[in-house]
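Everything on this sheet refers to the single structure shown next.
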Amino acid sequence: SRPASRRNPRAVKMMGPQLGPINLFGEGSQEAKGEQARMSSIVGALAIADLVKTSLGPKGMDKILQSSSRGGAVSVTNDGATILKSVLIDNPAAKVLIDISKVQDDEVGDGTTSVCVLAGELLRQAAELIEKKMHPQVVIAGYRLARGAALQAL
């Protein structure tokens, strides 16, 4: 067998000069595993859902948005799609909420805030069940049963 550098010249660069592990995380980044990672993702998504929840309905509150790229331009809106498009997020679960809001806007053209709030509340209920020591796969199975019942009713 040939050494890694002869089989694949990039192998030395990817593995480092001593063939040891390379730190993939940038400065100031953190690694989370298991329960901590799950709960931090849920908390981030709930923050996004709570952000847009207050703008929902006829008595919804306006949000003041300040752009970091357009010289600090300020705008006022209560449109959930606009709010979600302007938020910079690195939380994976929060990104999913923003993505489902974008899909809702593309497919239907309305209901972006409602779909985000609904998904956030489903996540909130799942988090409560997980905190009561219910396994996440059991929660998922319950949601799948509920989806089936809802589709059958429709």
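A single member of VAL108, VAL96 is modelled with pLDDT of 90 or more and open to solvent by 90 Å² or more (accessible area, probe 1.4 Å), and it is VAL108. Within region 24-41, residues that are among the polar types (S, T, N, Q) sit with their Cβ atoms under 7 Å from residues that are modelled with pLDDT of 80 or more and open to solvent by 80 Å² or more (accessible area, probe 1.4 Å), at 6+ positions apart or across chains, in these pairs: SER41/PRO92.
Quick grid of which residues meet (1) of a type outside the set (Gly, Ala, Ser); (2) without any contact (Cβ under 8 Å) to a residue 60 or more places away in the chain; (3) out of contact with any strand residue (DSSP E or B) (no Cβ under 9 Å at 6 or more places or on another chain):
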| site | (1), (2), (3) |
| --- | --- |
| ASP90 | yes, yes, yes |
| SER101 | no, yes, yes |
| LEU118 | yes, yes, yes |
| PRO136 | yes, no, yes |
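Count of region 114-135 residues, restricted to those that are over 17 Å from the mean Cα position of the chain (by Cα) and not charged (D, E, K, R), is 4.
Of all the residues in region 125-150, those that are open to solvent by less than 60 Å² (accessible area, probe 1.4 Å) and of a type in the set (Lys, Arg) number 0. Would you call SER114 touching a Cys at 6+ places or on another chain (Cβ under 7 Å) and either surrounded by 16 or more Cβ atoms within 10 Å (Cβ to Cβ) or part of a helix (DSSP H, G or I) (or both)? In short, no. Scan region 3-24 and give yes if some residue there is modelled with pLDDT of 65 or more and open to solvent by less than 100 Å² (accessible area, probe 1.4 Å), otherwise no. Looking through region 3-24, none of the residues is modelled with pLDDT of 65 or more and open to solvent by less than 100 Å² (accessible area, probe 1.4 Å). Annotation: of all residues in region 48-70 being farther than 14 Å from LYS85 by Cβ and part of a loop (DSSP other than H, G, I, E, B), the one that is most open to solvent (accessible area, probe 1.4 Å) is LYS59.
The values are calculated or read from the model by the stated rules, or taken from the named source; none is laboratory data. What you are looking at is a predicted structure, and each value in this text was computed from that prediction instead of being measured. Neighbour counts run over all protein chains shown; Cβ positions are idealised from the backbone, glycine included. Accessible surface areas use protein heavy atoms only, side chains included; no ligands, DNA or RNA. Shrake-Rupley method; radii C 1.70, N 1.55, O 1.52, S 1.80 Å.
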